[in-house]
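The values are calculated or read from the model by the stated rules, or taken from the named source; none is laboratory data. Please read all numbers here as calculations on a predicted model, not as lab measurements. Counting neighbours? That spans all protein chains shown, and the Cβs are built from the backbone with ideal geometry, glycine included. The accessibility values were calculated without ligands, DNA or RNA, using every heavy atom of the protein model including side chains. Shrake-Rupley method; radii C 1.70, N 1.55, O 1.52, S 1.80 Å.
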Amino acid sequence: MQLTVWTYEGPPHVGAMRVATGMRDLHYVLHAPQGDTYADLLFTMIERRDHRPPVTYTTFQARDLGKDTAELFKTAARDAYDRYRPQAMIVGSSCTAELIQDDPHGLSLTMGLDCPVIPLELPSYSRKENWGASETFYQIVRGLADKERKAPPAVGENGPRRPRANLLGPTALGFRHRDDVAEISRLLRDLGIDVNLVAPMTASPADIARIGEADFNICLYPEIAAQACSWLERTFRQKTVKTVPIGVNATREFIAEVCAAAGIPVPDAIDQGRMGWWSRSIDSTYLTGKRVFIFGDGTHAVAAARVASEELGFKVVGLGCYNREFAREVRAAAEKYGVEPLITDDYLAVEDAIEAAAPELVLGTQMERHIAKRLRLPCAVISAPVHVQDFPARHSPQMGFEGANVLFDTWVHPLVMGLEEHLLTMFRDDFEFSDAAGPSHLGHASAAHAPAAHAPVAAEAAPVAEAAAPASVPAEPGGWTDEALAELGKIPFFVRGKARRNTERYAAEHGVTTITRDTLYEAKSHYAR
Amino acid sequence: MSAGPASGCDAPPVGVDGILRERGQREVFCGLTGIIWLHRKIQDAFFLVVGSRTCAHLLQSAAGVMVFAEPRFGTAIIEEKDLAGLADANEELDRVVTRLLARRPDIKMLFLVGSCPSEVIKLDLSRAASRLNTRFSPNVRVLNYSGSGIETTFTQGENACLAALVPDLAFTDDRQLMVVGSLPDIVEDQLTRLLADLGIGKIVSLPARLAGQMPAVGPNTKYLLAQPFLAETATALDKRGAIHLPALFPFGAEGTTAWLHAAAQAFGVPEARFEQVIAAPRERARKGLALYRERLNGKRIFFMPDSQLEVPLARFLAGELGMELCEVGTPYLHKGHLIDELAALPPGTLISEGQDVDKQLDRVRAARPDLTVCGLGLANPLEKEGLSTKWAIELVFSPIHGYDQAGDLAELFARPLHRRDVLRV
Ligand code: SF4
Ligand code: SF4
């Protein structure tokens, strides 16, 4: 048994729902008790979908157990078929139904339904959401792909045809999947490549049948599509493009890999967006060496680390993922940045790690957003799990060159702007310009956000108040002299917390009981090395 | 089912009592959801669900963005190895609880909350609770109840939780009034003040805000239910000798008056005194309602089954605001506790118990009500079809009881309609 407070991933059948809800004309019959219907709200509320997910729950009750839960399943499957007339159905059990062992697959076979029925075995007590999505997509592809339908010859009667790719991995409730697909489709079109199909998102079972007609596959979200891609590689000899195009450099590499797979030359003039110049421009100098902590699903975390370090000049001080399936990739990346990889789905462990790393920016999931709020750190979301605010109305991809532009904006926005950093320092004693004013561009903070955005100021302002007190006031516990506190108060608020922590750590490590102004500067030089 | 339809007939199977009973897919939360408000109410209690990743995910999704540093609830997730041997599952549970309590010395009461998986594998949580009690008493009291979806629907989780508290309450012979059901503190205080002003001596609440302050109970206890979903809690109180005071539920000016009146009568409060005490707040409530009557009068409302608050709220909306009732769905109809409420509904109101969600949505589409009260999963799809909705869960989270919330309660229903009127997009 594992004590869990907040979870990064839902159960595996939620992964299956993400696949089914992303698709069209597919229906999922889930043997499950009524409470499990909560999962609908993930799609209709968080993602604001305007249709119910295509899921029928059998909602068996205690009084049905040992009597007719199997019959209930059959009725639900029959009713669902009659009402929705799907092209195909997937059937399976949630955690509770897994225990009563009704065998939804066997049952649905006896019913003579007039469509393919794909059974799902998703072990709820050992697997999680991403695994469930991956397994479901793989089973759907395996079950529905028509092995007779292959890519037509590269050169037909009318000369050579355009190469075709499948775009695989996007699902419902994915972090920016909608916009990534639009962005990458546009990029492919510009390269002269047709999209044979996008799946699971927007694909119908009939579309899946022709999946073999593409020349190659693009594995956009390996968490979901890697397994299906490797089956397609074996079955249809389709190559898999594996570079995930997050960031300018990765997008360039992605284009090279795509062109190689398509057998076309890499075009030399491609609009690479503004991210590179924005990052080289003088205002961005202040971004250099900003300490960033990164946590998310393996793929997004590794990609974010690369963008942060190569394209923004940040310093990666923490890197981790919650999905063990991608631990290897994250470990390799962590080694590159010289940090200890954090592979855990324990929210409290992540919080401890963030606190210990004392970053200036957190790139994480919805969970890290809350951690960062509590620790009063700026944060941007880079990965699922997501919440309603992570589904913006505007086009906001993470992938491709436009995605890189978006990354620049969303990661840099929570930080203090370049020149403003100096002005804050210069004028910090000016009564009209108190620390409490905070960065001016965050003035738009909504009421709900404001306390979090401005809280650091309030908390860190305490030493200033004390510093102003007469010298006779005794040093506060923790060993700070008034003079040292006054000096601390002069440090800009956004680094003051770090200065305080570092000084205290330095004092503890060096057996210094009273922290003087000198201790502060000794610590500063110590950590500056 | 009291009256089955002839096979092949599509007419809804309305029973001889005029109530439509359906058994199909239910789109309702399970009883675990109650933890979201119960853990805020009992401030030193921890709710430990013994369940699956699904249960943990449900709690998290229903709690939405309310992420607290370390909330006073959590899930002991059953893993494959726990399924292999039950002896080990018990040991594992003890280990989890021991670690939890060591980490949280502020916890004085621990609820082990059963789920579908724990029920199906027959993990005996009452034995676990008594085993753990011997170990942790007197510092922590360990109780158990089931919030599983195979046994409980949404608010029935609170019912099960309070019912588990009752056998544990101390005995008292004192003449007292007990208000039963978890209310927001501010509402509880308002109602208690009014009852005290009536001259009812000792007034206690179940649940209390702290584990150590749970009220005592005995044959001189009379109790008022503040919520309509507390069937088992009431039975447990009856067993302790307490006496139920049947009344309308305290929604709206009329409901609140009737509710207070039941107490006043039982405690021999003179009518003149009663009138004198309630006159001013009742007037406030009426004024508050008048603001919304125009907007809501004649508007048609459809309740999907969710919280069991549906019947009393429908009575309030029809009686005090002039709304028309298309259908009043409830997951479970406790006729005993709702007898006055049912009698106060306009004659011929269609009441449905249970659910077959697809068929019920067909009825919603056919009726095209002005407002549909429904679960979180259904709201946006209905909005997309041009049907205004109200989240049922909001009615459970918001302060809606009593005179001073009557206007707010009406406003909750008026807001979606108002919004539809102002939007030009
Ligand atoms: S319905 Fe059962 S399995 Fe599902 S969340 Fe509720 S208690 Fe857990
Ligand atoms: S309001 Fe605050 S939290 Fe929201 S985006 Fe702006 S800075 Fe970030």
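Laid out as a table, the results:
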quantity: Top-ranked residue in segment A:94-110 [being outside any helix (DSSP H, G or I) and in contact with a helix residue (DSSP H, G or I) (Cβ under 6 Å, 6 or more places away or on another chain); ranked as nearest to B:S148 (Cα to Cα)]; calculated: A:S94
quantity: Breaking point among (1) crowded, with 24+ Cβ neighbours inside 10 Å; (2) more than 28 Å from A:L187 (Cβ to Cβ); (3) not β-branched (V, I, T), for A:L407; calculated: (2)
quantity: Hits in segment A:32-53 (condition: within 16 Å of ligand 1 (Cβ to nearest atom), at the interface with chain B (Cβ under 7 Å from one of its Cβ atoms), touching a residue at least 24 places away in the same chain (Cβ under 8 Å) and in a helix (DSSP H, G or I)); calculated: A:Q34, A:D36, A:L42
quantity: Conditions (1) farther than 20 Å from B:A56 by Cβ; (2) of a type outside the set (S, T, Y); (3) buried (at least 24 other Cβ atoms within 10 Å of the Cβ); number of the one not met by A:E368; calculated: (1)
quantity: Residues located in segment A:178-202, provided they are under 24 Å from A:Y138 (Cβ atoms), part of a helix (DSSP H, G or I) and open to solvent by 50 Å² or more (accessible area, probe 1.4 Å); calculated: A:R178
quantity: Members of segment A:210-221 that are assigned to a helix (DSSP H, G or I) and surrounded by fewer than 20 Cβ atoms within 10 Å (Cβ to Cβ); calculated: A:E213
quantity: Matching residues in segment A:371-392 - criterion: being assigned to a helix (DSSP H, G or I) and buried (at least 22 other Cβ atoms within 10 Å of the Cβ); calculated: A:I371, A:A372
quantity: Residue count for segment B:74-117, restricted to those that are more than 7 Å from chain A (Cβ to nearest Cβ) and within 15 Å of B:T54 (Cβ to Cβ); calculated: 3
quantity: Matching residues in segment A:222-243 - criterion: being open to solvent by 10 Å² or more (accessible area, probe 1.4 Å) and closer than 17 Å to A:P170 by Cα; calculated: A:P222, A:E223, A:A226, A:Q227, A:S230, A:T240, A:K242, A:T243
quantity: Boolean, B:L210 is at pLDDT 95 or above and open to solvent by 10 Å² or more (accessible area, probe 1.4 Å); calculated: yes
quantity: Criterion: surrounded by fewer than 18 Cβ atoms within 10 Å (Cβ to Cβ), under 30 Å from B:L194 (Cα atoms) and assigned by TED's automatic domain parsing to the domain that holds B:L387 - qualifying residue of B:G288, B:G336, B:G298; calculated: B:G336
quantity: Count of segment B:282-314 residues which are over 25 Å from B:T330 (Cβ atoms) and outside any helix (DSSP H, G or I); calculated: 0
quantity: Selection within segment B:213-228 - open to solvent by 10 Å² or more (accessible area, probe 1.4 Å) and either more than 24 Å from B:D44 (Cβ to Cβ) or modelled with pLDDT under 95 (or both); calculated: B:P219, B:N220, B:K222
quantity: Search result, residues across segment B:241-265 that are over 22 Å from the mean Cα position of the chain (by Cα) and surrounded by fewer than 17 Cβ atoms within 10 Å (Cβ to Cβ); calculated: B:G241, B:Q265
quantity: Test: residue in segment A:54-63 that is open to solvent by 10 Å² or more (accessible area, probe 1.4 Å), outside any helix (DSSP H, G or I), farther than 23 Å from B:G375 by Cα and more than 7 Å from chain B (Cβ to nearest Cβ); calculated: no
quantity: Residues within segment B:20-40 that are open to solvent by 10 Å² or more (accessible area, probe 1.4 Å) and more than 8 Å from chain A (Cβ to nearest Cβ), tallied; calculated: 5
quantity: Unmet requirement for B:H334, which otherwise passes all of (1) in contact (Cβ under 8 Å) with a residue 60 or more places away in the chain; (2) in contact with a Pro (Cβ under 6 Å, 6 or more places away or on another chain); (3) not in a helix (DSSP H, G or I); calculated: (2)
quantity: Count of residues meeting criterion [within 25 Å of the chain's Cα centre (by Cα) and either among the charged types (D, E, K, R) or within 26 Å of B:S182 (Cα to Cα) (or both)] in segment B:287-301; calculated: 3
quantity: Check on B:A170, within 14 Å of another protein chain (Cβ to nearest Cβ) and more than 16 Å from ligand 1 (Cβ to nearest atom); calculated: no
quantity: Single match in A:D352, A:D345 (criterion: assigned to a loop (DSSP other than H, G, I, E, B), open to solvent by 20 Å² or more (accessible area, probe 1.4 Å) and closer than 20 Å to A:C379 by Cα); calculated: A:D345
quantity: Single residue of segment B:143-176 satisfying the filter (outside any strand (DSSP E or B) and in contact with a Cys (Cβ under 8 Å, 6 or more places away or on another chain)) that is farthest from ligand 2 (Cβ to nearest atom); calculated: B:I150
quantity: Given (1) within 25 Å of B:E158 (Cβ to Cβ); (2) modelled with pLDDT of 85 or more, index of the condition B:R95 fails; calculated: (1)
quantity: Single unsatisfied condition, B:V65 versus (1) at the interface with chain A (Cβ under 10 Å from one of its Cβ atoms); (2) at pLDDT 90 or above; (3) open to solvent by 10 Å² or more (accessible area, probe 1.4 Å); calculated: (2)
quantity: Helices (runs of 4 or more DSSP H) within segment B:356-411 that include 2 or more residues at pLDDT 95 or above and at the interface with another protein chain (Cβ under 9 Å from one of its Cβ atoms); calculated: B:357-367, B:376-384
quantity: For A:S230: the one exception among (1) within 19 Å of the chain's Cα centre (by Cα); (2) free of Cβ contacts under 8 Å to residues at least 24 places away in the same chain; calculated: (1)
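A quick yes/no check of all residues on (1) in contact (Cβ under 8 Å) with a residue 24 or more places away in the chain; (2) within 11 Å of ligand 1 (Cβ to nearest atom); (3) of a type in the set (V, I, T):
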{"site": "B:R99", "(1), (2), (3)": "no, no, no"}
{"site": "B:A102", "(1), (2), (3)": "no, no, no"}
{"site": "B:V113", "(1), (2), (3)": "yes, yes, yes"}
{"site": "B:S118", "(1), (2), (3)": "yes, yes, no"}
{"site": "B:L123", "(1), (2), (3)": "yes, no, no"}
